[in-house]
Number of protein chains: 2
Amino acid sequence: MTEVQDVEKGARARTRRAIVDAAVRELARDASVSLGQIADAASVGRTTLHRYFPERSDLLEAVRAETTARLDEAHARARLDEGTAREALRRLCPEYLLLGDLLTLLFTGVLPESVIDEAADDPLLALVARGREDGSIDPALDDAWVIGTLWAQLYLAWATLCEAGTARHDVVQMLMRTVDKAVAAP
Amino acid sequence: MTEVQDVEKGARARTRRAIVDAAVRELARDASVSLGQIADAASVGRTTLHRYFPERSDLLEAVRAETTARLDEAHARARLDEGTAREALRRLCPEYLLLGDLLTLLFTGVLPESVIDEAADDPLLALVARGREDGSIDPALDDAWVIGTLWAQLYLAWATLCEAGTARHDVVQMLMRTVDKAVAAP
DNA sequence: TCAAAGTGGAACACTGATGTTCCGTTTCGG
DNA sequence: CCGAAACGGAACATCAGTGTTCCACTTTGA
């Protein structure tokens, strides 16, 4: 039997990617954007969009899958289990910031919050646990609060990048500094 | 001529309040909730809702006004200009947390972000400026970043209160501790 | 080159939200 | 107690988004 292909070939792959990318962009701008606007943003006919994603929920599922994959990539690039937990956390910040509009989707509820839990909670909980062993994380804060602080400050960083004209480098510096100080043991 | 009354009397005031309260609650649950659902949540007929707020935008405007008023109240209760900036910031945290669902509306974009700017930025900027003078605020962080950190952690605190079974007192403690450490001068 | 694959647009039915009108009933205040 | 104010529900027109079908036009690759 023919396996369901994650990777389609040639034109189909390009079109599909254009649609998903446009969906992420437009959904970040307005969570209740119409499929017609997404199709326009992808420079594609609405008919074609429905050919790839018969229902709106199918498109959202593709965006969810994209998000999960990008989260996994970020974890891999940050090499969470190398060096001290503190170093790993510093490496993770700029990687997460590369998620871009996907951060908006995660924070505005376009995607269910469970996406964060399923894709990111395990590696982050392990990271926090490691940080507690070496005594570098504030024992007065919950595991969930420590991780939540990372996400909350990350959203601030992304919002700052989008709105103000603050340079990416400065934003990353403030992000790492704030998270580090907030969760570090006194 | 008869002045437009901010405060209506008797039955009208009660009904109006029930509708606005229900709108805040339901909009926090789902930003694209229908007017029918809001009317149901307010135990009011949809006709009645339209009698008070002819269009959806009129209801949203009332919610916006409510938010601004509640923000002003919070600032007043926190007495931002008494004591040190650090003390004032500690007093402000639990007051802001009392905003409840309004925090969700501010963070999910149901209300334009300008609501925060217009109602809260002036007092907060003054507070941060005062904190800088006495050297208690980290000079490596922007004014906007300091204020943004407050809001970001506040949203984490509210989300923690809603989802998990964490006690309000513990959430307030972690919120004040995290904000304090994050923005304090080293 | 030529058929298959991919695409876009027009047209259609369907649905749910919105805003409005009308009218009978309930509630409240003088 | 009684009239005015407030209310709820039914019905209606309107509108935008959705999902579908059909057909003609490109692009592609064997």
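The values are calculated or read from the model by the stated rules, or taken from the named source; none is laboratory data. All of these numbers come straight from a predicted model, not from anything done at the bench. Note that we place each Cβ from the backbone using ideal geometry, even for glycine, and neighbour counts take in every protein chain shown.
Considering the conditions (1) small (G, A, S); (2) within 15 Å of the chain's Cα centre (by Cα); (3) modelled with pLDDT under 95, A:A11 is excluded by exactly one of them, (2).
Which residue out of B:A23, B:A74 is of a type in the set (G, A, S) and within 15 Å of DNA strand D (Cβ to nearest atom)? Please lay out each step first, then the result.
Values: B:A74 fails: within 15 Å of DNA strand D (Cβ to nearest atom).
Step by step, each of B:A23, B:A74 is checked, and only B:A23 is of a type in the set (G, A, S) and within 15 Å of DNA strand D (Cβ to nearest atom).
Just one of the listed residues (A:D117, A:D134, A:D121, A:D101) is at pLDDT 95 or above and not assigned by TED's automatic domain parsing to the domain that holds A:S32, and it is A:D101. Would you be able to say whether some residue in the range B:116-138 is touching a residue at least 40 places away in the same chain (Cβ under 8 Å), more than 22 Å from A:C162 (Cβ to Cβ) and within 9 Å of another protein chain (Cβ to nearest Cβ)? Scanning the range B:116-138 turns up at least one residue that is touching a residue at least 40 places away in the same chain (Cβ under 8 Å), more than 22 Å from A:C162 (Cβ to Cβ) and within 9 Å of another protein chain (Cβ to nearest Cβ). Residues being part of a helix (DSSP H, G or I) and under 27 Å from A:S32 (Cα atoms) are entirely absent from the range B:76-96. Quick check: anything in the range A:55-69 outside any helix (DSSP H, G or I), surrounded by 13 or more Cβ atoms within 10 Å (Cβ to Cβ), away from DNA strand C (no atom under 11 Å from the Cβ) and under 23 Å from the mean Cα position of the chain (by Cα)? Within the range A:55-69 (the criterion being outside any helix (DSSP H, G or I), surrounded by 13 or more Cβ atoms within 10 Å (Cβ to Cβ), away from DNA strand C (no atom under 11 Å from the Cβ) and under 23 Å from the mean Cα position of the chain (by Cα)), the answer is no, since none of the residues qualifies. Restricting attention to the range B:101-115, the residues that are in contact with a Leu (Cβ under 6 Å, 6 or more places away or on another chain) and in a helix (DSSP H, G or I) add up to 1. Residues in the range A:38-50 that are part of a helix (DSSP H, G or I) and loosely packed, with under 13 Cβ neighbours inside 10 Å: A:T47 alone. Restricting the range A:23-37 to residues that are away from DNA strand C (no atom under 12 Å from the Cβ) and assigned to a helix (DSSP H, G or I), the residue that is farthest from the chain's Cα centre (by Cα) is A:Q37. Within the range B:53-70, residues that are farther than 19 Å from B:E118 by Cα and within 14 Å of another protein chain (Cβ to nearest Cβ) reach partners that are within 14 Å of DNA strand D (Cβ to nearest atom) and at pLDDT 95 or above with beta carbons closer than 8 Å, at six or more positions or on different chains, in the pairs B:R56/B:L35.
Name every residue in the range B:38-54 that is among the β-branched types (V, I, T) and within 6 Å of DNA strand C (Cβ to nearest atom), in order of residue number.
Kept after step one, since they are among the β-branched types (V, I, T), are these residues of the range B:38-54: B:38, B:44, B:47-48.
Correct list: B:T47 only.
Tell me, yes or no, whether the range A:167-184 has at least one residue that is modelled with pLDDT of 95 or more and assigned to a loop (DSSP other than H, G, I, E, B). Scanning the range A:167-184 turns up at least one residue that is modelled with pLDDT of 95 or more and assigned to a loop (DSSP other than H, G, I, E, B). Cβ-Cβ below 8 Å, separation at least six or inter-chain, first residue in the range B:33-52 and modelled with pLDDT under 95, second within 12 Å of DNA strand D (Cβ to nearest atom) and in a helix (DSSP H, G or I): which pairs? From residues that are modelled with pLDDT under 95, there are no pairs. Just give me the residues in the range B:139-166 being more than 9 Å from chain A (Cβ to nearest Cβ) and not in a helix (DSSP H, G or I), in sequence order. If the condition is that a residue be more than 9 Å from chain A (Cβ to nearest Cβ) and not in a helix (DSSP H, G or I), then B:P139, B:G165 are the ones that fit.
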